[in-house]
Every structure is written in structure tokens, then in C-alpha cells.
1. Over 24 Å, how big is the tail of the calculated P(r) for the range 29-149, in percent of all Cα pairs?
2. Project the alpha carbons of the chain onto their principal axes and report the range along each, largest first, in whole Å.
3. Any idea how far apart Ala171 and Glu99 come out in nm if each label point goes 7 Å out from Cα toward Cβ?
4. Working from the pairwise distances between different alpha carbons, so that the mean of 1/r is found and then inverted, what is the range 107-234's Kirkwood radius in Å?
5. Is any helix in the chain, taking whole DSSP H runs, at least 30 angstrom long along its axis by alpha carbon and on average at least 0.0 on the Kyte-Doolittle scale, and which ones?
6. In a Gaussian network model over the chain where Cα atoms closer than 10 Å are linked, find which of Glu186, Glu135, Glu54 has the largest mean-square fluctuation.
7. Just the number: Rg to Rh for the range 199-310, Cα atoms, Kirkwood Rh, two decimals.
8. Near Lys286, which lysines are there with a Cα under 23 Å away, not counting those fewer than 8 places off in the same chain?
Amino acid sequence: MSKCKKIKALALLSGGLDSTLAVKLMLDQGLDVEAVNFVSPFCLCRKGGCGALEVAKNLNVQLKTINFGEEYIKIVRKPRFGYGKNMNPCVDCRIFMLEKAKEYARKTGASFIFTGEVLGQRPMSQHGRTLGVIEEQAGLKGKILRPLSAKLLPPTEVEKKGLVNRKTLLAIEGRSRKKQIRLAEELKVTEYSCPGGGCLLTYREFACKLRDLFEHRKRFSLKQVQLLKIGRHFRFGKSKIIVGRNEAENHLLLQMMVSGDYCFEAQNTGSPITLLQGPKTRTAIKKAAELTAYHSDKKLGDLSVRYGKGDFNKSLRIPIPNREEVERLRVRAP
Ligand code: SF4
């Protein structure tokens, strides 16, 4: 293929092994590859992007990062195609990603989009029929190339047009990663990061907290979502109580307070920081103080807990509650 006629393709690059291999395969075909990486508020990676930036740099591919915001939260709240095992709306999520990729491909003049999806690898979104539904809903029927499984799927428009040589594509399927690891060795791909599944929506404990938030708040900010990742969560009527689990979380909770939130701290003993959000009734304040006392270093008797809107200017003395009382308030699966 001559340099001036290079075909441009847009990759969905998660930074994991499969999408990294897909990019490498397309580069080896002589295509001009650019990539998009989606960062969801539910991503488990601390720095976000799951290492896609490093992968793109290593492969010498230009990368566009697209952050998911409020629009995505609406999808998670009410997915058209339902949830997977927990609160993961994988089908809707993939449609959303492809729609965003389609928009971006149009802007950059990419001739087609490809992904690192492997047939049968994910229970919800990577089965033959579902892949078809996802494409159709995203307005990309027959237009998404999946280089790792292409030979097991009907030929795409891209292959039919001869933009990509089907013979060089692969027929990998299933959940085992052995073939991909072998291929990575063959292609000398050494840099890739967290394997798929770095999504908090697939975790039961997180799903319970998110469900609780959806049930109690019609509207909320992305900050509220970030708070779900921190601390122990308790529900008392319309009030939400979050208790820090360690020093770092205590700092974060204080930083993430918004006007109207109360913070709590037990006096004269090692104590977590607790946030009280929502109505600050006398009983809600008492519950937040009790939960602070329970998670402090003092285990018996009673305790003074100071609280306020950030300046801890009030205090109350309360007995340390027992475990059953605490567990009754914990946000957990029904
Ligand atoms: S696991 Fe999470 S990020 Fe991945 S498709 Fe499902 S909802 Fe989307």
C-alpha cells in the first residue's frame, strides 16, 4: 500500500490486551490508525484511561480521550437493554461508545471503526447476536471490524470493499486469554494494562450503593458518584451517612464536602471522618454521631462526637451502638 493512499481507521482502545492486539494487527496491515479511549466515572483505574495513553504512545498511535459524563449516568440509570449481573448496562454502554466513536470518526475522516472485542468473551455484550444488535442500534450495521474474531463473523463492509484483508484476520473466541497472550508474544506486544472488567458497575457492593443513590436522588452530580467509591455507606431515611475507612479517605471526605453537608469526628480517640448528607434532623445527626463512634478506636462506653458544617463547632455525647444497629443502616443488597 502506498503511503499517500493509507486508509485511516479508528480503534476503540481500552488499554487492555485485546484492543492493543487489534491495533497492532491493523497497523501491521499498513493502516493509519487513530484511537479513542473512553473514561467512565465507574472506571476502576486510579488515574483513569486504563493505561491506554501508554499503549498508544508505545504503538505510536494518536489517542483521543472521551470522558463520559451526565449523559452516560442517564444510560446507567435506565438502560434500554437492561443490566448484566450487577448494574452494568453493557449493551447500552457499547452502543454509547460506538455512537461517540462514529461521531469522532466522521470528524477525523476515518473510513471505519474497529474494536478488540472477542466473540463469546463477555457474557452480556460479546455474543454474536448481541454484537449485531449493538452495531444496528449505533447505526453501524456491518461496519464494525473485530480483527480478533473477524473470521467467525460475517464479512464486514470494510472487508468486502477490500480495505482490509480478511485472510490476515483472526478467529479467536471464548473467555480464555491463552491465544491472545501467545499472539502478544508473536507480535512483540509487551505493554498493555488492566484486562477488561475494570468497571465498578460489575461489582455487587458498588452496585448496591449506586442503586441506593438512584432510588433516593432524581438528580445528582458526578461528585456524588465519586463519593460512592469512598468509605462505608449508610442510609437513614432520606439522609446518607458516609464513614471514612482510613486516613486518605478521611481527607477525601473533607475535601468533597458540599455546602449543607455535616462532618463528624469522635473526640480524644482515633476517629474516622463521617459525612452526613440530606436532611439533618436530630435523629439523623445522632445516627451519624453513633456511626462515627462505632468506627472510632474506642469500643465500649460512651463518647463525645463533634460535628458541624466543616468547623466541628457542635458536639454531643452518645453511647457506642452495637453491631446490629450499625448493620441495619448499612447500604447493602436487599
Ligand atoms: S463492563 Fe462497564 S465499561 Fe464495560 S461494557 Fe459493561 S458497563 Fe461498559
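1. Result: 27 percent of Cα pairs exceed 24 Å.
2. Principal-axis extents of the Cα atoms in the chain, largest first: 78, 36, 35 Å.
3. 3.6
4. Values: mean 1/r = 0.0565 Å⁻¹.
Answer for the range 107-234: a Kirkwood hydrodynamic radius of 17.7 Å.
5. Result, helices passing both filters: zero.
6. Highest fluctuation among the options: Glu186.
7. Values: Rg = 13.7 Å, Rh = 14.3 Å.
In the range 199-310, Rg relative to Rh is 0.96.
8. In chain and number order, the partners are Lys209, Lys238, Lys240, Lys298, Lys299, Lys309, Lys314.
Computed from the coordinates by the stated procedures, all read-outs in this text should not be read as laboratory data. Keep in mind that what you see is a predicted model, and the values were worked out from it rather than measured. Cβ: placed from backbone, ideal geometry, glycine included. Neighbour counts: every protein chain shown.
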